[in-house]
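Some notes on the structure that comes next.
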Amino acid sequence: MPNPRDLCRGHKRLRPLIEYALSEGWKVVRTPGGHLKFTKAGLPPVFTGSTPSDHRADRNARAQLRQAGRQAATDGDHCGREPGHG
C-alpha cells in the first residue's frame, strides 16, 4: 500500500488529507487520471483532484469524508425503519 508521501506526489497540502483518511479507515489510491480515490466498505467512493487549484479543495474533500462516515452511522441507527417512523 502506498504511503501518504507517495500518494501526494509533492503536493504538501494533500498529505494531511491523506493521513486523516487513512486514520479514519479509508483506503486511498491514485486513479489512472491522477485523481485520488478514497474508499471505505459500505460507503460511496470520494474523489478529489491531486493538484487542487482551489485552496478549499482539500477542506471540501475532508468534509465529504466526514459526511460519508456520519451518513453511514445514522443509516445504521435506523435498523430497517423508515426515517421519522418510531
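Out of every Cα pair in segment 4-75, what percent are spaced more than 16 Å from each other? That tail contains 42 percent of the Cα-Cα pairs. Working ranking of peptides 14-23, 38-47 by packing, defined as the average number of other Cβ atoms within 10 Å per residue, highest first, is 14-23, 38-47. Ranked by the mean number of other Cβ atoms within 10 Å per residue, highest first, peptides 28-37, 56-65 order as 56-65, 28-37.
Rule-based calculations on the coordinates, nothing more; no lab input. This one's a predicted model, so the numbers in the text were calculated from it and none came from an experiment. Note: ideal-geometry Cβ built from the backbone for every residue, glycine included; neighbour counts use all protein chains shown.
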